[in-house]
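Since every read-out is calculated from the coordinates, none of them should be taken as a lab result. All of these numbers come straight from a predicted model, not from anything done at the bench. With ideal geometry, Cβ positions are generated from the backbone for all residues, glycine too; neighbour counts draw on all protein chains shown.
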Amino acid sequence: LGHYGITADKLRDVAQDTKRGLKDPSHVEIIDEILRVRRIEELFERGQDEDDASAQANSVIIEVPKQTELGLATESVEQ
């Protein structure tokens with residue numbers, strides 16, 4: 001995402017309006033987790049705290065319902 005100029009800060013700015021419109025609190029948690037993972041990716045891309053970023057990225061667990069209210073087909077991912 002970095003080579004496209006998509007940063008965690010830009011994602012956060014876009015997500016602010018979206019978060020306000022979500023009725024299910026778990027959807028807000030999903031957005032927060034996406035932002036957290038992107039921040040870790042940015043650290044890794046810059047070579048900052050690479051070992052720490054790698055360890056955090058390898059332990060990320062994202063649990064998403066198979067079908068969200070938005071109609072997105074998703075599944076749980078564990079790394």
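Structure values in brief
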{"quantity": "Cβ crowding within 10 Å averaged over residues, with 12-19, 26-33 ranked highest first", "calculated": "26-33, 12-19"}
{"quantity": "Order by protection proxy (mean Cβ within 10 Å, highest first), peptides 37-43, 5-11", "calculated": "37-43, 5-11"}
